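Just below is one structure, and these are the notes that go with it.
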């Protein structure tokens, strides 16, 4: 038992330490002396220090993107001064600098950051604009992650706008405040001449910052984006934001997004808005990333916050965090009127097909895929398709199956919607993330049945997806459209550039069994030069299947094909014995003669 006086003393020491930390004021100023060379100039001011040294640290990863990216590698010219005098600085670990300030209470730190990787998760600066992904720009004093700070942006002389979800400081242009570093690191900043427009939805003002040229129609987006916001908000019963920012990078070719607490960064091919498929793809992306303001940012696995910015943060639940978000983007698109019920079913059938046709789905579980995101998910190689499955893809399918099973088990009273809403409010009330066991318990309580077998098969196991059974609950006939069609295949994929280069070999395929390797260059097929064969083929993409090459396309299962290849600069001959193509094509159709019970499940599932 702790002696009362010792306990009181410990409490006083803790209070004193907290008070000392709270007295430290932190301010940043970011400017751009040479944006054309891709640099940001950062000044960091610390005032009220009480120790004779302070360590400042830069995160090594950014939340939402599960890979250690070593942002500190782009830092140059780190220096510190006090009262104009240079202080001794020592690097004490890969992402931490120790400043020996002695008796000085106020310290000014300066450093430069090189930023020339254009993505939603990394900072990027050029003559046109600066995208400040904050984990790659800012540093925090060790032990002061909960401290508030201010950020002043000094735009380059030809820039005039700043877009961010950070709270503006009244009366100070382009100056913002953050109550803690978790929020600062979660608030990207766009600086430049972006095209900004706004809309109101769910009682929240939304800003859209369009960066770069694009064939978007602002009026159309102002009408359509709110529909997605309203549907997502309706699921959870509240929108926790007062202000939300979409930063949209319109690029030559690209796609993707990264979620934040009250903002998101999207990357979009600039001319894609003009086609039905491209516009739908943009709204899909909006639906996915906007849903994250609940699922992941607030409704989160216990490991994802508070964050350890120095190391990996492992969780087995990214299949919920990302996979369910992928699943719900389809539901929001349906409920917002951008998909018909038939299109909704077809898209989900395609998602099932993706999992079924990935050899790695029979090797790695959804839980393992989530945990291994740090070593496999963001670092795929030529064999990843054979030994792993994306937690996005598998999680989307698990969401589909779980949703239909809950509806069936509860006789149409409940759905996955109820699980997501219940878990959101539970996490909000408890102030901490959920465990896998807690999520499973909520599913079981909602459905009224055990999900232990389901978890064993689909979450922690690698069982084949019983899509016919689950879609049948909703009166949807799901079949393999390839069933009975026996076609021959090599099981190899390739990319056409200066050469015809093998890029993938499927497990247990002819190419796998007979030793065709990734990076092999195919020179001829059965004596015919590849260049001659390709001259007769109309290609839609540089990424193709080896099977397109004549005479492979005309062969049958069991036939042999002779390849002359170049491997490591040396020619050799390889003979493949073609095998049956195992690919499944899931075709799903809403049955007109479905039973009333099936129709009730369908209505509950779609929510329209």
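Just so you know, all these numbers are worked out from the coordinates, no wet-lab data involved. Everything quoted here is computed from the prediction, not taken from an experiment. Here the Cβ positions follow ideal geometry from the backbone for every residue, glycine too, while neighbour counts run over all protein chains shown.
According to the square roots a ≥ b ≥ c of the eigenvalues of the Cα gyration tensor, what is the shape class of region 389-442, taking rounded for a/c under 1.5, prolate for a/b larger than b/c otherwise, and oblate for the remainder?
Numbers: a/c = 2.41, a/b = 1.17, b/c = 2.05.
Oblate, since a/c reaches 1.5 and b/c is not below a/b.
To the nearest 10 degrees, how steeply does helix 341-356 sit against the main Cα axis of the chain, on a 0 to 90 scale?
90 degrees
So how far, in whole Å, is the C-alpha centre of region 443-500 from the one of region 532-608?
So the separation of the two Cα centres works out to 16 Å.
Most exposed first by the Cβ proxy, i.e. fewest other Cβ within 10 Å, how do 267, 444, 464, 396 rank? Don't jump to the answer; show the numbers that get you there.
Numbers: 267 21, 444 18, 464 11, 396 26.
Lowest count first: 464, 444, 267, 396.
Ranked highest first by average number of other Cβ atoms within 10 Å, how do 399-406, 230-237, 362-369 line up?
Numbers: 399-406: 24.0, 230-237: 18.9, 362-369: 21.0.
Final packing ranking: 399-406, 362-369, 230-237.
By the gyration tensor of its Cα atoms, with a ≥ b ≥ c the square roots of the eigenvalues, what is the shape of region 488-580: rounded for a/c under 1.5, prolate for a/b over b/c, or oblate? Please list the in-between numbers first.
Numbers: a/c = 1.32, a/b = 1.13, b/c = 1.17.
Note, shape of region 488-580 comes out rounded.
Looking at the square roots a ≥ b ≥ c of the eigenvalues of the Cα gyration tensor of region 185-264, which shape do they give, rounded for a/c under 1.5, prolate if a/b is larger than b/c, or oblate? Present the calculation step by step, with values, prior to reporting the outcome.
Numbers: a/c = 1.84, a/b = 1.42, b/c = 1.30.
It is prolate, given that a/c is not under 1.5 and a/b is the larger ratio.
For Cα extents along the principal axes in Å, pick the label among [x] 77, 70, 51; [y] 118, 55, 49; [z] 82, 64, 60 that corresponds to the value derived from the coordinates.
Correct label, based on the coordinates given: [z].
Between helix 4-23 and the chain, what is the angle of the helix's C-alpha long axis to the longest principal axis, kept within 0 to 90° and rounded to the nearest 10?
Between the helix axis and the principal axis of the chain, the angle is about 80 degrees.
Return one number: the angle in degrees, 0 to 90 and rounded to the nearest 10, between the long axis of the Cα atoms of helix 596-606 and the longest principal axis of the Cα atoms of the chain.
Helix 596-606 and the main axis of the chain meet at about 40 degrees.
Fewest first, what order do 253, 564 take by the number of other Cβ atoms within 10 Å? The partial results should precede the final answer.
Values: 253 10, 564 18.
So the ranking, lowest neighbour count to highest, is 253, 564.
What FRET efficiency comes out for the pair residue 410/residue 218, r = Cβ-Cβ distance, R0 = 30 Å, nearest 0.05? Write down the numbers at each step before the final one.
On the way: r = 43 Å, r/R0 = 1.44.
For residue 410 and residue 218, the calculated efficiency is 0.10.
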